[in-house]
Amino acid sequence: MLQLILKRLAVAIPTVIIVSMLVFGLQKILPGDPALMLAGEERDPAVIEFLREKYRLDDPIPVQYLAWIANVAGGDFGKSLRTDVPVRTLIVQKLPVTIQLAVMAMLVAILIGVPTGIISAVKKGSFTDYAANVVALSGLSIPNFWLGLLMIFLVSVQLGWLPASGYVPPGEDFWLSIKTMLMPAFVLGTGLAATLMRHTRSAMIGVLQSDYIRTARAKGLRQNAVVYKHALRNALVPLVTLLALLFGELLGGAVLTEQIFSIPGFGKLTVDAVFNRDYAVVQGIVLCTAIGFIAMNLVADVVYILINPRLRGA
């Protein structure tokens, strides 16, 4: 197990370095000058010169990159060009909000996608299977922003069941926090549920056609025992990696949903930083997202082997 983790880390470290170079390089080639934006409409040359010197904007890009990556290695992501607040502080403040949204969205996806996929596989070729596939295809086709606006109109404006927007920390009011995040989590989790349903269905159909399942049925085991005791465990193995990848996507993909529901998380911070050309914030966010994505893949590999010990030598 330790050998596997070391192997994955050996791949992860150069991956993070390449991502950091891409993030830093792409930011620099985008049009616009952050010094001019920070200087305001008057654009006093002395102020612009001061800002360029303060943030080392005139240094060659490789020099800027090496200085930035050296600071990042020490846990210093720099300061926001607009607010002068350390990027690390902004990330620590916003990341828990997005993680709460991502966890709730993942729960929605699992609670809807896995049971639906199992039922669809067991009843393959039936009307239930057909209906489940139609619903899954619809879930993949409906854009998040449209579903979000529709739910705000129906659930909040017309029925008044849930708050339309905003965020309440769990430590302040736990149940109100859950109610506030329920609708965004459903919107974000719908597409994932459809993906999860289709993968669960495919995995279950493959396992249910295996020889050992036919043997179990020949021994007279009940259908529930065959499906949930013998087939489901093996079918869940490939889903572990998928869940880790989907969770990584959630952390970076919550941008639009957070904007629609005015949730002050990672996504909203990213959008504000991009529009304000706040280089340091964008670089810090993207790098943290990439590291989180790689970490989730590592966790998936470990869980994968814990579920299926035969892969330890692979």
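The values are calculated or read from the model by the stated rules, or taken from the named source; none is laboratory data. For clarity, every value in this text was computed on a predicted model and none was experimentally measured. Methodologically, a virtual Cβ is constructed for each residue, glycine included, from the backbone with ideal geometry; neighbour enumeration extends over all protein chains shown. With ligands, DNA and RNA removed, areas are computed over all heavy atoms of the protein, side chains included. Shrake-Rupley method; radii C 1.70, N 1.55, O 1.52, S 1.80 Å.
Looking at 222, 217, 198, just one residue is more than 33 Å from the chain's Cα centre (by Cα) and surrounded by 13 or more Cβ atoms within 10 Å (Cβ to Cβ), and that residue is 217. Looking across 103, 122, 108, one residue alone is among the β-branched types (Val, Ile, Thr) and more than 23 Å from residue 250 (Cα to Cα). It is 122.
Please verify whether segment 242-249 includes one or more residues that are in a helix (DSSP H, G or I), over 30 Å from residue 98 (Cα atoms) and not hydrophobic (A, V, I, L, M, F, W, C). Looking through segment 242-249, none of the residues is in a helix (DSSP H, G or I), over 30 Å from residue 98 (Cα atoms) and not hydrophobic (A, V, I, L, M, F, W, C).
For residue 107, the criteria (1) open to solvent by 70 Å² or more (accessible area, probe 1.4 Å); (2) among the aliphatic types (A, V, I, L, M); (3) over 19 Å from the mean Cα position of the chain (by Cα); (4) closer than 27 Å to residue 229 by Cα hold in every case but one, which is (3).
Here's a check for you: in segment 73-88, which residue that is assigned to a helix (DSSP H, G or I) and either open to solvent by 70 Å² or more (accessible area, probe 1.4 Å) or at pLDDT 90 or above (or both) is farthest from residue 52 (Cα to Cα)? If you could, list the steps in order and put the result at the bottom.
Kept after step one, since they are assigned to a helix (DSSP H, G or I), are these residues of segment 73-88: 73, 87-88.
Filter once more, so that each one left must be either open to solvent by 70 Å² or more (accessible area, probe 1.4 Å) or at pLDDT 90 or above (or both): 73, 88.
Details: 73: 24, 88: 22 Å.
Per the stated criteria, the residue is 73.
Only one entry of 153, 145 meets the criterion of being farther than 23 Å from residue 240 by Cα, surrounded by fewer than 17 Cβ atoms within 10 Å (Cβ to Cβ) and within 22 Å of the chain's Cα centre (by Cα), and that entry is 145. Residues that are among the hydroxyl-bearing types (Ser, Thr, Tyr) and either assigned to a loop (DSSP other than H, G, I, E, B) or touching a Pro at 6+ places or on another chain (Cβ under 7 Å) (or both) within segment 134-168 comprise 156, 165, 167, listed in sequence order. Against the conditions (1) of a type outside the set (Ser, Thr, Tyr); (2) open to solvent by 10 Å² or more (accessible area, probe 1.4 Å); (3) outside any loop (DSSP other than H, G, I, E, B); (4) under 21 Å from residue 102 (Cβ atoms), residue 264 satisfies every one except (3).
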